[in-house]
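Worksheet: the structure to be examined is printed underneath.
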Amino acid sequence: HPTSLPSAAGIGALGPAAPRFAAWCAAAGLRLWQVLPLGPTGFGDSPYQCFSAFAGNPLLLHVPGFGGDFPADTVDFGRVIPAKRTALAAWLDALPADDALDRFVEREAHWLPDYALFMALKEAHGGAPWTRWEPGAAHRDPAALARWRDTLRPAVVRVCKEQQQFAAQFGALRARCHALGVRLMGDLPIYVAHDSADVWVHRALFHLHPDGTLAWQAGVPPDYFSATGQLWGNPLYDWERLGATGYAWWIARVRAALRHFDLVRLDHFRGFEAFWAIPGDHPTAMHGRWEAGPGAPLFAALTAALGPLPIVAENLGMITPAVEALRERFGYPGMAILQFAFDGQDSNFLPHRHVRDLVVYTGTHDNAPAVGWWRSGGSGDSTRAPEAVAREKACARRYLATDGHDIHWTLFRAALASVAATVLLPLQDVLGLGTDARMNLPGRQQGNWGFRFTWDALSPALTASQRALTATNAR
């Protein structure tokens, strides 16, 4: 993720480090750079809980001259965010509000004015979620919104400038990546945050109570990661109303993503076939129910509007034949995670079961890095039964013919030798890091998303080894 890039600013950004990392990818023979979602984050700093499905995260902006005494190996969000916001505001206020800004706002008129007012209102209400704003703002009374726009005009203009700069900096990065032969792959979460401009503006498209609180919320039932399931807290879509609009909001969302990225990973693909619906006031995800998703009509509408979609379907978890039939109908490759392959059940994730139409990962942002996975015995989740961990490691030893030494390179060789068209390697695995470098532990509310690396980790020897391994497998 760009937050993981080196910088003196305490958090990675779209400045000089980003094209430098793209150049390293090219030097190492790597042709695809995948990132987590790039939206503006809220509580918990999760890129899967953003204030907008269309906006860029201002914390990713390169602010000239900004730096400080921050740690180099992690993002200390508590220290970085207030310092960078102060520097960002001063920088943006010094930029002109000119015709170029007006043209940008007009081009993005379907989301930017609402989002800018949302963020200005949020600041004016001390950061409170929109359901706790004064009633006129919370319920979008036209007269109240007109008064607020006038009162908050400087803050609204600043947010518009921030998004103009994000588009410019990310556009420059994408152009540089293409010049280096590196494509960019984004990540499109299926759900949006409850406290977001999207829900505030389009309340009718979500299952909410009249006061705006959650009627139903998203999550998944008990699974590999959690005995009580995962309670995500996102509002569920009213798919019937979305369908009545021809899925216009989703078409706009995917169109915006494809302006930034060459490919897009569509998160939680199974939720488009059927999703786990949990009452809005429940404290865990255990007592939900399966509901039918939009299915083929949504993807038919997207394809009709946007053409064939360069989508990778995140088809992990409780996948049914109906989910796979939907994916295959539209020709979206699925995913295989090598860390999940060694359960002794001839898993479809094992390399001999791979097919060409597949994207193979050694692990993802939700897994421990490969070295940590091996040393901790499995997923890195201490709640797993010791006997299950022992079986998994024994299976991996047999299948990979390994004693676990350099397990990350062993997994790389297995993935790259697969017939699958695409292989993605988490940077933590490339660097051979342990559990401390994990990006996210599902279900943990704090302490995630902070991983950073330093340039000296990308040594010439590592670069040459990675390039040689890539070339050996004709990738």
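Residues of segment 32-49 that are within 20 Å of Leu61 (Cβ to Cβ) and either open to solvent by 30 Å² or more (accessible area, probe 1.4 Å) or in contact with a helix residue (DSSP H, G or I) (Cβ under 6 Å, 6 or more places away or on another chain) (or both): Trp33, Asp45, Gln49. Annotation note: Cβ proximity below 7 Å between a residue of segment 23-45 that is closer than 26 Å to Asp76 by Cα and touching a residue at least 60 places away in the same chain (Cβ under 8 Å) and a residue that is open to solvent by 30 Å² or more (accessible area, probe 1.4 Å) and of a type in the set (Ser, Thr, Tyr) (sequence gap 6+ or interchain) occurs for Pro37/Tyr48. Looking across segment 432-475, the residues that are assigned to a loop (DSSP other than H, G, I, E, B) and free of Cβ contacts under 8 Å to residues at least 40 places away in the same chain come down to Arg444, Gly447, Ser459, Ala474.
Say whether the condition of being in contact (Cβ under 8 Å) with a residue 12 or more places away in the chain, closer than 22 Å to Gly42 by Cβ, touching a Ser or Thr at 6+ places or on another chain (Cβ under 8 Å) and open to solvent by 50 Å² or more (accessible area, probe 1.4 Å) is met by at least one residue in segment 253-260. The answer is no; no qualifying residue exists.
For segment 404-456, residues that are open to solvent by less than 40 Å² (accessible area, probe 1.4 Å) and on the phi > 0 side of the Ramachandran plot total 3.
Can you find a residue in segment 297-311 that is over 30 Å from Arg31 (Cα atoms), open to solvent by 50 Å² or more (accessible area, probe 1.4 Å) and in contact with a helix residue (DSSP H, G or I) (Cβ under 8 Å, 6 or more places away or on another chain)? Yes, segment 297-311 contains a residue that is over 30 Å from Arg31 (Cα atoms), open to solvent by 50 Å² or more (accessible area, probe 1.4 Å) and in contact with a helix residue (DSSP H, G or I) (Cβ under 8 Å, 6 or more places away or on another chain).
Within segment 68-77, is there a residue that is among the acidic types (Asp, Glu) and assigned to a helix (DSSP H, G or I)? Within segment 68-77 (the criterion being among the acidic types (Asp, Glu) and assigned to a helix (DSSP H, G or I)), the answer is no, since none of the residues qualifies. Restricting the first member to segment 262-285 and to residues that are under 30 Å from Pro308 (Cα atoms) and among the acidic types (Asp, Glu), and the second to residues that are in a strand (DSSP E or B) and at pLDDT 95 or above, the beta-carbon pairs closer than 7 Å and six or more apart or on different chains are Asp262/Arg183; Asp262/Leu184; Asp262/Met185; Asp267/Asp187; Asp267/Leu188. Could you tell me whether Val323 is under 17 Å from the mean Cα position of the chain (by Cα), open to solvent by less than 30 Å² (accessible area, probe 1.4 Å) and of a type in the set (A, V, I, L, M)? When the stated conditions are applied, Val323 does not pass them.
Taking segment 212-266 and the strands (runs of 3 or more DSSP E) fully enclosed by it, the elements with 3 or more residues that are in contact with a Phe, Trp or Tyr (Cβ under 9 Å, 6 or more places away or on another chain) are at 216-220, 230-235. Within segment 55-103, the set of residues being of a type in the set (D, E, K, R) and either farther than 16 Å from Ala13 by Cβ or open to solvent by 40 Å² or more (accessible area, probe 1.4 Å) (or both) comprises Asp69, Asp73, Asp76, Arg79, Arg85, Asp93, Asp98, Asp99, Asp102, Arg103. Might you check whether a residue that is open to solvent by 40 Å² or more (accessible area, probe 1.4 Å) and either β-branched (Val, Ile, Thr) or without any contact (Cβ under 8 Å) to a residue 60 or more places away in the chain (or both) occurs anywhere in segment 353-365? Taking every residue of segment 353-365 in turn, at least one turns out to be open to solvent by 40 Å² or more (accessible area, probe 1.4 Å) and either β-branched (Val, Ile, Thr) or without any contact (Cβ under 8 Å) to a residue 60 or more places away in the chain (or both).
Is it the case, given these coordinates, that Ala109 is modelled with pLDDT of 95 or more and buried (at least 18 other Cβ atoms within 10 Å of the Cβ)? No; evaluated as a whole, the condition is false for this residue. Taking each residue of segment 49-63 that is at positive phi and looking for partners that are open to solvent by 10 Å² or more (accessible area, probe 1.4 Å) and part of a loop (DSSP other than H, G, I, E, B) with beta-carbon atoms closer than 7 Å, six or more apart or interchain, yields nothing.
The values are calculated or read from the model by the stated rules, or taken from the named source; none is laboratory data. Quick caveat, the model's predicted, so the values are computed rather than measured. Here Cβ is always computed from backbone atoms with ideal geometry, including for glycine, and neighbour counts include all displayed protein chains. Protein only, heavy atoms only, side chains kept; ligands, DNA and RNA dropped before computing areas. Shrake-Rupley method; radii C 1.70, N 1.55, O 1.52, S 1.80 Å.
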